[in-house]
Each structure stands twice: as structure tokens, then as C-alpha cells.
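Here, each number is a calculation from the coordinates, and none is a lab measurement. No experiment lies behind these values; they were computed from the predicted model shown. Note that we place each Cβ from the backbone using ideal geometry, even for glycine, and neighbour counts take in every protein chain shown.
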Amino acid sequence: MTKRRMFLRMVTASLLRRRSRMLIALLSIGIGATILAGMVTIYYDVPRQMRAQMRSYGANMLLMPAEGETLDSERLSAALQKLPADALVGASPYRYVRLDMTSRQQSFTTAGTDFAEIQKTSPYFSVEGRYPEAPREILVGREIAETIGVKEGSDMELTWQPTARESDGNPSDDRKPGARLAGSAKGFGDAMVYVTATLDNEAKIAELTIDASTQTPEYGGRTAEDALFLKQFIGKALPLEMGDDVDALSGATVTSTAVVEALNTARADAAVQPKTTRYMVTGILVTGGEEEGYVFMSTEDLQALTGEDALDVAELSISADEEQLNAYAEALTGDGVQARLVKRVTKSETAVLGKLQALVFLVTVVVLILTMICVSTTMMAVVSERRREIGLRKALGASDNSIRGEFLGEGMFLGLLGGALGAVLGFVFAQVVSVNVFHASIMFRPLLLPVTVLVSMLIAAASCLMPIKRAVAIDPAIVLKGE
Amino acid sequence: MALLELKNISKIYGELKALDNVSLHVDKGEWVAIMGPSGSGKSTMMNIIGCMDKPTKGEVLLDGEDISKLPGKRLTDIRRDKIGLIFQQFHMVTYLTAVENVMVSQYYHSMPDEQEALEALGRVGLRERAKHLPSQLSGGEQQRVCVARALINHPELILADEPTGNLDEANENIVLDLFRQLHREGTTLIVVTHDPEVAEAAQRTIVLEHGRVAREVVNENFVE
Ligand SMILES: Nc1ncnc2c1ncn2[C@@H]1O[C@H](COP(=O)(O)OP(=O)(O)OP(=O)(O)O)[C@@H](O)[C@H]1O
Ligand SMILES: [Mg+2]
């Protein structure tokens, strides 16, 4: 038999045949290792877990058309292809236009978006009622709902009024003989006044219709009916000068000016005809933010109304750390789009995660120290319990190093057993914590087993230092005393 | 030729002189008994001879080497290589079997050898009990295991402090017979005892009183 085998035989015999005391040491190392393994698992899994949770604080990246470019759904989906599917939580396209509610002489910023994606990128949006599902269903922000008194289930008629600004070229290009022009301008209370005019052979106004239904009926509203007022326009060439070519209708100066402005900017394009659609309000949107002043409809509904496939911006929610987000932003930028991080969200996410990890780290260190104290105390008790045995071993010729080796061996063996036990229990512990706190299960890290065992052995060894010192100091002469 | 020589050694604890100017000469192969009342300094002397303690004054020559001023590490080496110890309380490692207890002594000395350890147990008549733990052995059996453990490394000197103090007549005789065998093989024996019968088995008896050698009796009836 070799010395090493005898050493192992003594160490294992000491542990196996003196069970009760060693069980306490084993238990404390085991518990320490369990918490260590659990905490390490949580430490590395927390960002993964929390990042998904944090995505509920809203989009962390914006995708916009590059300088001088336009964004449409095709470009957006092409860009999104560049992101790994599991990182992308959601991508909400947005197109903002002003739509008029003619019956109320109001106009609202209306966002065309994708309601399914909105619920992923902005999970904190709350809807009284429900999100639209069918065509021609809309959401109305709370602020608007309160001002105009619409409720879930109300109908709302919205009008798309293409403005001259948005068409190419110059209005004067369209003033050809026989042309039909349509235009609009802001009248009283910023509400829209619409005009349509037909030109004669000399490109002078032959016919004029005014839609001033958004204006006060007794004042501005009369511009549409007042024969004298209307007559002034017939036979005149555009553009017109207020006061020179035409006079304002008394009591309706603002509306009259809007009519002239609408005529001067009127365009011939057939697509620029105003279009009105009736929508059903399925819910009131409550966000606590500026979205409460918007109307939301599906991208498809807005396209049907305006006839254009254009997006202003897309809000992306991506599960990644700051560094990775920067990399994604770089990858997405190009092909007519540019991406940029929402700094406020990313920064606070990083800060919160950092604090959480620091907390877990601190708890781990405290637990390890407690474990060390516990193991050390137990080993101390073991040494005093075995004073006679240690004295005997010394009397039999054990050197100080042999004594050290034997106690260290026992400690490390305990560390090995406790560590293996702890690695397994720790994973279970982390799993339980994760499922209960983060509602997600945890990945098993194979490296955790050897690392936990190694750390446990080191801790056990460190805990044995003081007891060993005491064991070495024991005088072999005690065995001759009849104690 | 002297294996052990104590030259005017004293061991002083404060006011108390546990050993007071003691001189002793033990030849190689000699069997010496030490007697004396309780507190006369017998164990103190054994500790010094056994390299577990140092005298306050005087020289201890073991095999011609003065061990009284050696550092603890060297004392451990000498104890391991030259001395076999047997104690009154038959100390054993409680969680090791009889044969493992014998092997512990081999382990610190050189190489554990289970076969040899079993033979040593056979010599003390305990071959059959080799796999028993101390708690499963009687006091006499435990002391016999300790004798086996003391002789396993073939020490030049065996020190026994009241080896039969807790034994019955039968076990005492077994142990004494083992001592006789060891003596015949040339091992030097120093045995502390209160028991005149045990002392009479030796060649010579030293009597200590108040830390001094009171007298020395040569055993005329000693049978080789
Ligand atoms: N470490 C010590 N400190 C102080 N006094 C001690 C110490 N060791 C022994 N003594 C004293 O020295 C004296 C001799 O003790 P020793 O143990 O040698 O006696 P002994 O002859 O072996 O007695 P016994 O037959 O009872 O075993 C005793 O009075 C004892 O109290
Ligand atoms: Mg004594």
C-alpha cells in the first residue's frame, strides 16, 4: 500500500466513521456552495432575464429615413432582417398625418401603426376598451376623447386633406385651361377650408365650390353660400390678391383669406382630392404621455385613406446590452435608413442591471464569509475533540506537515463533497428563484459544477487554516498524561 | 554499550522540581523498570527520553547523540525512527480499525504495509480482530494492538508508561510475554510501573522519589 492510499484511507475513514460532526461541516459547505452556485447562476442569468423584462419600458432604438431618403414598409422589413430574430422584441412603424374631423371643426395628429407590434414595443400602453382588430377600427388618445367626448364604440369621421405642399412642383404648373383644381387652407380656429375650382379656356376661374363646413355657420360658413362673395372670383386668373382682386365677406375675414389661400395653392392632381372615412373607436388610449393627444389607426387604414406607403419612424425594442445595441444600430444604418439608440432607456437599463448584479455579488460574498466562519468553527471543534488523537499521531512520529496535510485533506474532501452537492442544489435553487421572481427558467452552465467544487474546496481549505494552526500546536506529551 | 544516558537532568516547573538532578545509564538490549510513588517524576522522565519534552538542565544522550537541545522537528524524527511508545491509556485512533492503527505507525515511519501489520497483530494474538474498531475491542486487546503498533517499525527502544495499569492478570501476562520476546530479540525496554510483578520481570529497577533516584535494584531472579 502506498502512502497516498493510506492517506486517503485515513481521511475517508475519519469522515465516514465520525459522521455526526462531519455532517455539520459538510452541511455548511453544502449550503454555502448551494448559495454560491445559485447566486453565480443568477448573476449571469439576471441580465438575460431582466433585459426581457426591461423591454417593457419601451423602445430602445429608433429607425428613421436617412437624410434625403424616405422610409416605407419594404425598407423597414429589409432592415429588420438584419437583426437576429430572438433579439427583436418588437418593431412598431409610425406614420404621422393630420386628419380633420369635419363635424367638430378639429384636426388631430393621427398615427398609422401596427397594433400587434405596439403591444410589444410599448407594453405600458393601456387601453380602455380594446386594441383595434378589424379594418376601420381606431384608438383615440384620452386627451382627444375628453375634448370631443368620444367613447369606446363611438363613430368618428376623419378626412384626409392632401395639402399642396406635399405635391411636387408649383401650383402655377397646374393652372392650365380647363383644369380642375382642389385646395385647402387653415381658416378660423385652425380648421380647414376646402375649395374646388374649374378653369375656363383662358385658365380663368369658371366655377368655384367652397366647403367651409368647419367654420362658424353664421360667419365663415356663409362664404360657401354667399352669391355675391362667390361671384367675385368668376373670370379671374390665379393667383388672387385679397383686397385687390376680391373682397372679404364681412364678418368672415379669416375664412375669406383661407379661401384665397386655398385657391392660390390649389392643385390639379386627382390624388389630392380630400377623402373621408368613417371609423369605429374601439378603445381610449391611456399612456400618461403625449400619445394621449393622438389618434391611432392601422398602417393599412391610413394607406387606404392617404394612398401613400410612407413611414416617418419605426420604434424598435431589442433585447441586448448597450454594447450590442450599438453594434445593431451600426448594422441597421444604411440602405436609406438610419438607426439610433434611445439613450435614456438604454442607460437606465444598464444602471439597474449593474446594481442588481452588485447586490447579488455582495450577497454571495457575505454567504461565503459566513460559510467560512461556520466551517472554521466546526473544524475548530473537531480539533479540540481530537486533541488526543493528534497528540498520539505526533507521538507516533507525525511531523507538523503531516498533521497539516491530514486536516487539509479532510477539509478539501469535505469541500469536494459539499461543492458537488451545492452545485446541483444551487442550480435547483436558482431555478426556483428564477421561476418565482423572473417567471423564466434558467440555462444550465456545465462550467458551474467544476467551478463550484473548486471554490468550495478552496473555502474549506481556507477555513481549516486556523484549526490547523491549533492542531499543530498540540503537545504530543499529553498522551502520556492521564487526562 | 550505552543506548541511553541521562546526565544530571532536571525538569523544573516554577518552584516544583519534577526531576531533580537525575542520572541514568541504560545499555543496548537492557530491560529496565522504573517505579516510584505518584508524582515522583516517572512520566516526566519518559517524556524526556521519548523526545516529547526537553529537560530544564542536563544532557540526554541517545545512541551517543545529545537530544536535549535539538529543535522539535529533529526530536520528531528521532522519536519516529528509534522509539516505540506504549501508554497506560492504550491510545488508539478511534475511527481506524486495529490493523489501520498499526499501519498509522508505519505510515509516519516509512511505508504502510498491510501484510506486515497483520503479522504484527498475529504476534499479539489479534490477527482475527484486525478489522475491528477500538470500540469493539476490550481494554486488554487494545493494549495489545498498541504493543503491535510500538514494535512494527522495529525500534531500538521501547518506552512503556504503565502498560499493564489497566489490564487484568491474563492480559498482563500476555504483554509481559511480548516484552520477554522483544528483549530476547535485542530490543531495549524501559517500563514504568506500579506493579512489583511487572518490575520483577525486568533486569533492573530504578526507584524514583521526589524527582530523585532513590535506589536501584538488580533483579537476581531474572531469567534470560
Ligand atoms: N506541565 C506541568 N506543569 C507543572 N507541573 C507538572 C507538569 N507536568 C508534571 N508536573 C508535575 O511534576 C510532577 C511529576 O509528575 P509526573 O507526571 O512525572 O509524575 P508520575 O511519577 O508520572 O506520577 P503518576 O504515577 O501519578 O503518573 C508532579 O508533581 C506533577 O504535578
Ligand atoms: Mg505518570
Hey, what did chain A get for relative contact order, percent, Cα under 8 Å, at least 6 apart?
29
Check which residues have an amide H placed less than 5 Å from residue A:318's amide H, if you skip close sequence neighbours.
A:60, A:61, A:89
Restricting things to Cα coordinates, could you compute the convex hull volume per residue of segment A:197-248 in Å³?
76
Percent relative contact order of segment A:228-383, based on C-alpha pairs within less than 8 angstrom and at least six residues apart?
11
Given +1 on the Cβ of Lys and Arg, -1 on the Cβ of Asp and Glu, and no further charges, what dipole in debye does chain A carry about its Cα centre, rounded to the nearest 20?
5700
How much net charge surrounds residue B:69 when only the other residues with a Cβ under 9 Å from the Cβ of residue B:69 are counted, with Lys and Arg +1 and Asp and Glu -1?
-1
Using alpha-carbon positions, the gyration tensor of segment B:42-94 gives root eigenvalues a ≥ b ≥ c; with a/c under 1.5 called rounded, otherwise prolate if a/b exceeds b/c, else oblate, the class is prolate
Approximate spin-label separation residue A:401-residue B:168, in nm, with each point projected 7 Å along Cα-to-Cβ:
4.7
Contact order normalised by length for segment A:344-483, with contacts defined as Cα pairs under 8 Å and 6 or more residues apart; what percent is it?
41
Proximal lysines relative to residue A:343, as straight alpha-carbon distance under 29 Å, when same-chain residues fewer than 8 apart are discounted:
A:82, A:120, A:355
Share (percent) of C-alpha pair distances in chain A greater than 36 Å works out to 57
Leaving out same-chain residues fewer than 8 places away, which lysines sit with a Cα under 28 Å from that of residue A:186?
A:151, A:176, A:204, A:231, A:236, A:275
Which helices, taking whole DSSP H runs in chain A, have alpha carbons extending 27 angstrom or more along the helix axis plus mean Kyte-Doolittle at least -0.5?
A:19-54, A:343-385, A:400-433
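Grab the other residues whose beta carbon is less than 12 angstrom from that of residue A:122, score K and R as +1, D and E as -1, and report the net. Mind dumping the intermediate values first?
Numbers: positive: A:55, A:120; negative: A:114, A:117, A:291, A:315.
Residues near residue A:122 contribute -2 overall.
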Let me spell out the model: positive unit charges on the Cβ of Lys and Arg, negative unit charges on the Cβ of Asp and Glu, origin at the Cα centre of segment A:164-272. What dipole size does that give, in debye rounded to 20?
100
So if R0 is 30 Å, what FRET efficiency would residue B:180 and residue B:128 give, r being the distance between their Cβ atoms, rounded to the nearest 0.05?
0.85
Extension gain from residue A:287 to residue A:77, taking 0.36 nm per residue of separation minus the Cα-Cα distance:
72.9 nm
In segment B:1-97, lysine pairs 8 or more places apart or on different chains with C-alpha atoms under 15 Å apart total 16
Bins of 10 Å from zero: percent of alpha-carbon pairs in segment A:164-272:
17, 51, 29, 3
Count, for each residue of A:384-393, the Cβ atoms from other chains sitting within 10 Å of its Cβ, then give me the mean as a whole number.
3
At R0 = 60 Å, how high is the FRET efficiency between residue A:3 and residue A:70 if r is their beta carbon distance? Nearest 0.05 is fine.
0.15
Segment B:1-129 - convex hull of alpha carbons, volume per residue in Å³:
148
Principal axis lengths of chain B from Cα atoms, whole Å, largest first?
48, 40, 34
Residue by residue through segment B:154-171, what is 3J(HN,Hα) from phi via Karplus (6.51 cos²θ - 1.76 cosθ + 1.60, θ = phi - 60°)? Round to whole Hz and write x for glycine and proline.
6, x, 6, 10, 10, 10, 10, 9, 6, x, 10, x, 10, 9, 7, 3, 4, 5
Just to check I understand the Karplus step: with θ = phi - 60° and J = 6.51 cos²θ - 1.76 cosθ + 1.60, what whole-Hz values come out for segment A:109-122, glycine and proline as x?
6, 10, 9, x, 8, 10, 5, 5, 6, 4, 5, 8, 7, 10
Ordered by residue, what ³J(HN,Hα) values in Hz, to whole numbers, does segment B:185-190 give under the Karplus form 6.51 cos²θ - 1.76 cosθ + 1.60, where θ = phi - 60° and Gly and Pro are x?
6, x, 6, 7, 10, 10
Point-to-point label distance, residue B:214-residue A:151, nm (Cα→Cβ direction, 7 Å offset)
11.9
Using the charge dipole of segment B:85-222 (Lys, Arg: +1 at Cβ; Asp, Glu: -1 at Cβ; taken about the Cα centre), state which of B:174, B:207, B:108 has its Cα farthest towards the positive end.
B:108
Charge dipole (segment A:164-272, unit charges on Cβ, about Cα centre) - positive-most of A:220, A:265, A:178
A:178
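Report the gain in length on full extension from residue A:268 to residue A:247: 0.36 nm times residue separation, minus Cα-Cα distance, nm rounded to one decimal.
That works out to 5.1 nm of additional length.
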Less than 26 Å apart at the alpha-carbon level, and either on another chain or at least 8 residues along: which lysines does that give for residue B:131?
A:3, A:394
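If r is the Cβ-Cβ distance from residue B:28 to residue A:21 and R0 is 51 Å, what FRET efficiency results, to the nearest 0.05?
Taking R0 as 51 Å, the efficiency between residue B:28 and residue A:21 is 0.65.
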Whole-angstrom gap from segment B:172-224 to segment A:115-187, using each part's C-alpha centre
119
Amide H of residue A:179: which non-local residues (sequence gap of 5 or more, or other chain) have their own amide H closer than 5 Å, using H built in the peptide plane?
A:199
